[in-house]
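Below is one structure, written out as structure tokens, with a few remarks after it.
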Amino acid sequence: MIEIIRAARYDAPADAIFAIITDPARYPAWQPGVEFACLAGEGPARQGSRVRQARMVMGRRAEIGLTITRLVPAELVALATDPGSTPAVAETYRLRSAAAGCRLEFRLTLGGIPAMAEHIARAQLTRQTQQMLERLAVVAASRQPAWRPGGGGPDGSITPHTEGM
């Protein structure tokens, strides 16, 4: 099993970051490898909502279905694949308000990966998590729905305050 835990501080308020995280149509803007994502059904994201996404995983296109297992507005979003799915994916985004913005704690758990591939997958996921946190900062700062490779802030930089946990 692979577990990646990271944190980042953002200048945006928790509710702004929460709005981005709970809008699957915006996933391609900040999640590396995601080509398409949407809520299955209507309405805003809520506990029990299903998220469909297509992403590139180790050079191959994979379609993944996730369910929002916990949702507390502006505080917590947890998603997971159905029990028995391979790979088994669980993601948790925990937000805490801070003096000048918010802090995001992210946890990714991935199971069902062959032991021989875990080292490579862990390295790739660690890089992608860092990119994800950086891109989320760009999307929040620009209020733009799309990520453009090589883009960033007005000076081209992408520098959220990230921390390992």
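Remarks
- Number of the condition not met by residue 59 [criteria: (1) surrounded by fewer than 17 Cβ atoms within 10 Å (Cβ to Cβ); (2) out of contact with any helix residue (DSSP H, G or I) (no Cβ under 9 Å at 6 or more places or on another chain); (3) touching a residue at least 12 places away in the same chain (Cβ under 8 Å)]: (3)
- Some residue of the stretch 46-56 being part of a strand (DSSP E or B) and among the polar types (S, T, N, Q): yes
- Among the candidates 88, 141, the residue that is within 15 Å of residue 4 (Cβ to Cβ) and hydrophobic (A, V, I, L, M, F, W, C) is uniquely 88.
- Annotation: residue 32 fulfils all but one of (1) outside any strand (DSSP E or B); (2) surrounded by fewer than 18 Cβ atoms within 10 Å (Cβ to Cβ); the unmet one is (2).
- Within the stretch 37-54, the set of residues being farther than 14 Å from residue 79 by Cβ and either touching a Leu at 6+ places or on another chain (Cβ under 6 Å) or surrounded by 14 or more Cβ atoms within 10 Å (Cβ to Cβ) (or both) comprises just one member, 54.
- The combined condition, being of a type in the set (A, V, I, L, M), closer than 22 Å to residue 29 by Cβ and outside any loop (DSSP other than H, G, I, E, B), is fulfilled by residue 78.
- Filter result for the condition that a residue is over 20 Å from residue 133 (Cβ atoms), in contact (Cβ under 8 Å) with a residue 24 or more places away in the chain and in a strand (DSSP E or B), over 71, 39, 66: 71
- Residue list for the stretch 1-43, filter: of a type in the set (Lys, Arg) and more than 25 Å from residue 112 (Cα to Cα): 9, 26
- Complete set of residues in the stretch 90-102 that are modelled with pLDDT under 95 and either in contact with a strand residue (DSSP E or B) (Cβ under 7 Å, 6 or more places away or on another chain) or under 16 Å from residue 136 (Cβ atoms) (or both): 98, 101
- Number of the condition not met by residue 144 [criteria: (1) under 23 Å from residue 55 (Cα atoms); (2) modelled with pLDDT of 90 or more; (3) surrounded by fewer than 16 Cβ atoms within 10 Å (Cβ to Cβ)]: (2)
- Meets criteria (outside any strand (DSSP E or B), closer than 16 Å to residue 74 by Cβ and in contact with a helix residue (DSSP H, G or I) (Cβ under 7 Å, 6 or more places away or on another chain)) for residue 136: yes
Listed here are the residues, each with its yes/no results for (1) buried (at least 16 other Cβ atoms within 10 Å of the Cβ); (2) of a type in the set (A, V, I, L, M); (3) farther than 24 Å from residue 16 by Cα.
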{"site": "79", "(1), (2), (3)": "yes, yes, no"}
{"site": "86", "(1), (2), (3)": "no, no, yes"}
{"site": "93", "(1), (2), (3)": "yes, no, no"}
{"site": "106", "(1), (2), (3)": "yes, no, no"}
{"site": "118", "(1), (2), (3)": "no, no, yes"}
{"site": "137", "(1), (2), (3)": "yes, yes, no"}
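The values are calculated or read from the model by the stated rules, or taken from the named source; none is laboratory data. Since the structure is predicted, the reported quantities are computational estimates derived from the model, not experimental observations. Cβ coordinates were reconstructed from backbone atoms using ideal geometry, including for glycine residues, and neighbour counts include every protein chain displayed.
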